Structure formats: C-alpha cells, structure tokens
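These notes are about the structure you will find just below.
The values are calculated or read from the model by the stated rules, or taken from the named source; none is laboratory data. Predicted model only: the values in this text are computed from it and were never measured. Heads up, the Cβs are rebuilt from the backbone with ideal geometry, glycines too, and the neighbour counts pull from every protein chain shown. We work out accessible area using only protein heavy atoms, side chains counted, and drop any ligands, DNA or RNA first. Shrake-Rupley method; radii C 1.70, N 1.55, O 1.52, S 1.80 Å.
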Amino acid sequence: MHYCLVTSPAGRPLHEYQSVRELLEALRDAIRGHRSLLEDGKILHRDVSENNIIITELPAEGAPKGRLIDLDLAKELDSMPSGARHRTGTMQFMAIEVLEGKGHTYRHDLESFFYVFIWMCIRHGYEGMGRQKVNKVMRSKTNILRGWYTGTYTEIANIKQGHVVKNRFENFIAKFSPKLENLKPLARELRSALFSIRDGDIFTGTFHDNDIMYDGMIDAFSRAIDRLKREE
C-alpha cells in the first residue's frame, strides 16, 4: 500500500522578504526557534543557512515570523559541546571554529545566523535598479563573499576571521546593498555579541552560559525592529 502526503508550503524563502522589518523578524524568530530546539529539545541544528530559514506565511498573532527547517544534520545532545569532530553545515555560513575542525556547539550555529544576515545584506536589496546596473554592482560587491566558499577550510577560516576584525569589518559592511545599508548598526551589534576581544584576539569560542549570546543577538534584532516600527 502506498501513501502520498501533500502539504501547503510553510513559508517563503528568506530572500523573498517583503520588507526589511519582515526580514529581521524572520531571522530573530528563527534564532528563538533554534534556542528552543537546543534548550527544550536538546537538539543542535548544525546547518544554519539562507535556505534553511523560511518566512512564515500568514503567522497567527504572536506566532513566529520565521522558522528554522531541515534537520538532516541535527544532533541530539547529552551535553555541550557536541564532540563532533567532522565539519557540518553549508560552507559559506560555517563558523570559524567549525572550519578549523573543532566540535560543533550552539555558538557556531549563532555565528552562522550572523553570516546569513551579512550575506543577505550584501547579495539582496537592489530592487528598483536597472538589470544591467544591478548585475554590475552585484559583481563588484559580492566578490568579497567568494572567500567564504572558495579555498581550503583553513583559508576560509582565516578570511572570515579577518573580516570580523573591527577595522576590516567596517570596510566589509560598506558593501551592504542600498535597501539594507541602514542595517549597519545592527551588524555591529551582532558582531560585538559574538566576537568579543580576549587578550587582544577575537574570541570565537563558546560560553558555558548560552544566554549570553542568545540574548545578545535576539535583543539586537529586537531593537532594530523597534527602530523600524517607529519609522513606519
């Protein structure tokens, strides 16, 4: 006996956002979902990417505006860190320590959310420009992202670490698209929440208290969303 299950799409791809506010709400709520998956379900996703975050279609009042999907690489956890020694995830969104072959923790998924946000701000948001102009600008601006998925794991890790250093980060976010360039303050807040300085070096490790990074990122998104609401 054969069965076929037909369902309606649960949402839209992240790049089909209809407003900047909707994009930020989807990302923030996907992070909240990740936190619940970790804390309540004891499951670590391990493949946060642009394609694995969707915008919820017609959410009910108070329901999440964004969802995290595709748990093919997820792992049930007995304790943190997971102890996985092989790299999991989508190359351009992999965290620095994952690229270096270290065990995958919640922090690395949060770092992947950060890369998704930056990726969106550089690759999308050119609506209203002529097709030829868009193609020219895209070639110029997105070239900086090639280092996120081209080369060896070590080379990509070094490039990403270089991009989040404070002085170089400003040059990096200068590539934000016209529609999303007002999100540079949010980019700086997210960077600060993830990459603190310890003994002069960028900290890419995991806090035992996961509230520190979750709260830092979720609160940063919420403040940016509130700013957009006031401007509407």
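Between Asp72 and Glu231, the C-beta separation translates, for a Förster distance of 35 Å, into a calculated FRET efficiency of about 0.35.
Apply the a/c threshold of 1.5 to the C-alpha gyration tensor of the stretch 113-232 and tell me whether it is rounded, prolate or oblate.
It is oblate, given that a/c is not under 1.5 and a/b is not larger than b/c.
Note on Ile144 and Lys42: their simple-model spin labels are 4.3 nm apart, each label 7 Å out from Cα toward Cβ. One Cα centroid belongs to the stretch 153-232, the other to the stretch 7-49; the line between them spans 18 Å. Solvent-accessible surface of the stretch 82-232, taken per residue with a 1.4 Å probe and all protein chains present: 49 Å². Close amide H partners of Gly66, meaning residues 5 or more places away or on another chain with modelled amide H under 5 Å apart, are Asp29, Ala30, Thr56. Going through (i) 41; (ii) 21; (iii) 29, the figure that equals percent of Cα pairs over 31 Å apart as computed for the structure here is (ii).
In what sequence, largest accessible area first, do His2, His34 appear using a 1.4 Å probe?
Largest accessible area first, the list is His2, His34.
Where a ≥ b ≥ c are the square roots of the eigenvalues of the C-alpha gyration tensor, would you call the stretch 137-200 rounded, which needs a/c under 1.5, or, failing that, prolate if a/b is larger than b/c, or oblate? In terms of gyration-tensor shape, oblate.
Counting only protein heavy atoms and a probe of 1.4 Å, the accessible surface of the chain is 48% carbon and sulfur. Largest accessible area first, the residues Asp40, Asp209, Asp78 order themselves as Asp78, Asp40, Asp209 under a 1.4 Å probe with ligands, DNA and RNA left out. The solvent-accessible area of Ile197, taken with every protein chain present and a 1.4 Å probe, is close to 100 Å².
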